[in-house]
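**Q** Shown below is the structure under consideration.
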Amino acid sequence: MLEAVIFFLLAGLAVAAGVAILLSTSIVRMAYWLITMLIAVGGLYFLLGAYFVGVIQILVYVGGVAVLLVFGVMLTSRQLAPKLRPGRGEVVWLALVGFVLLEALTLSILHTRWQQNAMAPANSVGEIGRSLLGEFLGPFELVSVLLLVAMLGAAYLARPKVPTQGPQHAKGTTVP
Amino acid sequence: MNQTANIKPQTPLGQAMFVCERPKVEYRGLSLKIVQLATKWGPIGIPLLLRFAWGIFFAALVFVIAFVWVVGRFINPLLPWFVRDVVVVVGLLAFVSIVAIIGIWGERKVSGRIQSRLGPMRTGAWHGWAQSLADGLKFVQKEDLIPQDADKPLFRLAPYVALVPAFCAYLAIPFGVGWVFHDSDVGLLFVLAMLAIEVLGVIMGGWASNSKWSLYGAMREGCQLVSYEIPMGLSLVAAVAWLGSLSLVELGRAQDGGWWSWLLFQNPFLFAAFFTYYIASLASCKRSPFDLPEGESELVAGFHTEYSGFRFVMFFFAEYMGMFAVSAVATVIFLGGWNSPVPGLASPLWFVIKSTFLVWVQMWVRWTLPRIRIDQVMHACVKYLLPFTLLLFVGSSLWQLYDNPDHRLFEGFAAVVRFGLGCLGLLLLGLYFAGAAYGFYHRNQLVGQMVRKHLPGA
């Protein structure tokens, strides 16, 4: 009974925050609604007994990603912040992508065989670690390589755009 | 307007110059109630309170101890679980408020001591002990100002977002075996996650104030926290890998039996990891020398420039609760938690004493070291603290590997490996202190060539 109440509270909060992301025009408000949604989903993990996943959800997404997101958003001035309204051509594409995504999610929800098992064992951290470095070692390493590539890409994008004023660099070019 | 302009020259010069028309503050709701109560009972109650301050203090102490004992012994087994939860949460709330109140007073006394002043002396019977209470009363009565162009919902919400997670961190912090609200197997991560959310409130308040000082403070907080979380987490990972658990109760229990079994003294890498954790925790709860988010010398008051009244107090409380929380984590993981230096005297009192000592060191550091610049903060983290912590982690793991019965990797030459690792650890420790000494010796030198040109006298 209490679980059901908490579940509907958290799920309602997550859905409401998701709708609010779509409806708000201020980009900082959007970021904070996103954070609300992430915390509510973390609460759902807690409710399921997956403490490790819930804590990691809050630690990584709220503590890391969302802080960086808000940090990046704050660098844009409030007056100059773009009003996020899609153009007419974009609406078609967005609707198409949204429809495909909705269809995929609905189908996957309908076709999953939901089983109501007992709770996972309490020591879930060890289980997750063992399966990451045992059964799923290949995907795990692939993901870490992907993250490394993303990090290198970010460093490449963030490098100083002005070429360094070294003597060998300036030799061949003519200064306008 | 014309009338006032006519009247002004007629009044004596000395009065007219300094008369400032203050808008009349209208109290509403709860603050009205509090002001009414304070004006009605204050003249009688406060002198009485001060007269019997020590008696009230000891009576409250005895009452709290007796209450906790009675509830734990007789009432708790009879009650349903949610009553126990409510009782424990209320107790934690009281403890945390007392920590914040004593911490704010203690900070002022410590700063006074270090700067050869007295600090607050008048309020209360002894050394101004009631100064924080008086300040709290003052702040509750103050007008709750919100800037006109602020993002009002976010501005109102921000202090709560800072305060509530800082309190939630205490739900997983154990004060002793059995003295914890919820002993989870991911307690350490829970505390870190809650301390990470706290920062979000600071950033929210800084942005919503619509003031450049607040925004600068919030941005500094964001980049500083995201950077220093990594060395903080990595030095904790070294400790967690050593003891093999994420539950704070398990981590504390594993260090039972005298000061030599504390994690701090297990190997030189963990000894250094304690200090890296401590430095990173200073940055993550924005204490000096990393208190750039509220750098008073350049950013009025940083992220809480626009806050007044009780919302300001909530930011303050969140800061002191965060200070005690990171010190508590350091105590449980590195300093043996509730275990006494002599085996067999484990008590929550030890935990409180050790954590209070670490909080005191934070205050000591704050009033001793100057604030460093934001580029120096990032420089210190990314170039020095982060590689150093990675080295510590690798060294600690290798040290753990050589005499592990499950891994016979170094069986033949264990002594050589131990000697080499010991030398490496001592070298790292030496580098640590040498770096600190180097920094102290060059304390007047600026980092960048670019800045040095523009500063006179450099």
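The values are calculated or read from the model by the stated rules, or taken from the named source; none is laboratory data. All of these numbers come straight from a predicted model, not from anything done at the bench. In this analysis, Cβ positions are derived from the backbone assuming ideal geometry, glycine residues included, and neighbour counts consider all displayed protein chains. We work out accessible area using only protein heavy atoms, side chains counted, and drop any ligands, DNA or RNA first. Shrake-Rupley method; radii C 1.70, N 1.55, O 1.52, S 1.80 Å.
**Q** Taking a ≥ b ≥ c as the square roots of the Cα gyration tensor eigenvalues, with a/c under 1.5 meaning rounded and otherwise prolate when a/b beats b/c, else oblate, which class fits the stretch B:144-442?
**A** Because a/c hits 1.5 or more and a/b exceeds b/c, the stretch B:144-442 counts as prolate.
**Q** May I ask you to evaluate 6.51 cos²θ - 1.76 cosθ + 1.60, the Karplus curve with θ = phi - 60°, for each residue of the stretch B:253-259 and list the ³J(HN,Hα) values in order in whole Hz, giving x for glycine and proline?
**A** 5, 5, 9, 6, x, x, 5
**Q** So what is the relative contact order of the stretch B:275-399, in percent, for Cα pairs below 8 Å that sit 6 or more residues apart?
**A** So the answer I get is 29 percent.
**Q** Order B:Leu251, B:Leu37 by their accessible area, 1.4 angstrom probe, all chains in place, largest first.
**A** Descending order: B:Leu37, B:Leu251.
**Q** Just from its helices, what would the mean residue ellipticity at 222 nm be for chain B, if runs of 4 or more DSSP H residues each count -39500 (n - 2.57) and the sum is divided by every residue, rounded to the nearest 500 deg cm²/dmol?
**A** Rounded to the nearest 500, it is -22000 deg cm²/dmol.
**Q** With a sphere of radius 13 Å drawn around the Cβ of B:His182, what net charge do the other residues whose Cβ falls strictly inside it have (Lys, Arg +1; Asp, Glu -1)?
**A** Net charge in that neighbourhood comes out at -2.
**Q** In chain B, what percent of the accessible surface is made up of carbon and sulfur (1.4 Å probe, ligands and nucleic acids excluded)?
**A** Answer for chain B is 70 percent, counting heavy atoms of protein chains only.
**Q** Let me cross-check B:Ser284: its accessible surface, 1.4 Å probe, with only protein heavy atoms counted, in Å² to the nearest 10?
**A** Its heavy atoms expose roughly 20 Å² to the probe.
**Q** Sort B:His182, B:His442 by heavy-atom solvent-accessible area, probe 1.4 angstrom, most to least.
**A** From most accessible down to least: B:His182, B:His442.
**Q** Right, another one. How many angstrom separate the Cα center of the stretch B:80-94 from the Cα center of the stretch B:310-363?
**A** The stretch B:80-94 and the stretch B:310-363 have Cα centres spaced 21 Å from each other.
**Q** Using a 1.4 angstrom probe on protein heavy atoms only, which residues from the stretch B:206-239 are buried by at least 40 Å² of accessible area when all chains are present rather than their own chain alone?
**A** Residues of the stretch B:206-239 that lose at least 40 Å² of accessible area once the other chains are added: B:Trp207, B:Met219, B:Val226.
**Q** Tell me the Kirkwood radius of the stretch A:1-82: reciprocal of the mean inverse pair distance over distinct alpha-carbon atoms, in Å.
**A** Answer for the stretch A:1-82: a Kirkwood hydrodynamic radius of 13.5 Å.
**Q** Relative contact order of the stretch A:1-82, please, whole-number percent, based on alpha carbon pairs below 8 angstrom and at least 6 residues apart.
**A** Relative contact order here is 28 percent.
**Q** At 1.4 Å probe radius, can you tell me the per residue accessible area of the stretch B:71-141 in Å²?
**A** So the stretch B:71-141 comes to 61 Å² accessible per residue, rounded to a whole number.
**Q** To continue, here is another question. Counting C-alpha atoms alone, how compact is the stretch B:38-196: give Rg to one decimal and Dmax as a whole number, in angstrom.
**A** 19.5, 55
**Q** Moving on to the next point. For a test of the definition: using alpha carbon positions, the gyration tensor, and the 1.5 limit on a/c, classify the stretch B:71-141 as rounded, prolate or oblate.
**A** Prolate, since a/c reaches 1.5 and a/b exceeds b/c.
**Q** Heavy-atom accessible surface, probe 1.4 Å, ligands and DNA/RNA ignored: which residues of the stretch B:125-154 lose at least 30 Å² versus the isolated chain?
**A** Those are B:Asp151, B:Leu154, which lose 30 Å² or more relative to the chain on its own.
**Q** Something else about it: How do B:Arg418, B:Arg51, B:Arg287, B:Arg108 rank by accessible surface area computed with a 1.4 Å probe, from largest to smallest?
**A** B:Arg51, B:Arg418, B:Arg108, B:Arg287
**Q** Determine how large the accessible area of A:Val97 is when every protein chain is in place; take a 1.4 Å probe and give Å² rounded to the nearest 10.
**A** In the full protein context, A:Val97 sits at about 90 Å².
**Q** Taking Cα pairs under 8 Å and at least six residues apart, what relative contact order does chain B come out at, in percent?
**A** Computed over chain B, the figure is 16 percent.
**Q** Please compute the per residue accessible area over the stretch B:144-442 with all protein chains in place, 1.4 Å probe, rounded to a whole number of Å².
**A** I get 40 Å² per residue for this part.
**Q** Output the DSSP H helices from chain B with an along-axis C-alpha extent of no less than 20 Å and a mean Kyte-Doolittle hydropathy no less than 0.5.
**A** B:29-51, B:53-70, B:81-114, B:152-168, B:187-208, B:212-243, B:268-284, B:309-334, B:348-368, B:386-402, B:414-441
**Q** Here's something else I'd like to know. With a 1.4 Å probe, what is the total accessible area buried between chains B and A, in Å² rounded to the nearest 100?
**A** The buried area between B and A, both sides summed, comes to about 2500 Å².
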